[in-house]
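Single-structure report; data block below.
The values are calculated or read from the model by the stated rules, or taken from the named source; none is laboratory data. Nothing here was measured: the structure is a model prediction, and the numbers come from that model. Neighbour counts are summed over all protein chains in view; Cβ atoms, including those assigned to glycine, are modelled from backbone coordinates with ideal geometry.
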């Protein structure tokens, strides 16, 4: 089975006014940020349920940083939301929340 990864690129803008976050998974393909750190933060947040690789480039086009983000598996939460609310479900979700610090609706 092939693992799907979101691939992001953070590149400095040619007009030297911040950085562009570029990816096929973004709704418009490219977003403009004032600093590369803000672009990296958004990429990690946007791919919180997927694995992601973020490459940061310098003005010459060389990779200067690579960040790998392992997404959290949320299929358990989706499956349990479809079930009726029972005491066992609430207990299990409470245990999951306490072990992994997941923010799950009970």
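A few notes on this one:
- Scanning region 8-42 for residues that are exposed (fewer than 15 other Cβ atoms within 10 Å of the Cβ) and part of a strand (DSSP E or B), we see that the one that is modelled with the highest pLDDT is 32.
- Single residue of region 43-59 satisfying the filter (under 9 Å from the mean Cα position of the chain (by Cα) and in a loop (DSSP other than H, G, I, E, B)) that is nearest to residue 5 (Cα to Cα): 50
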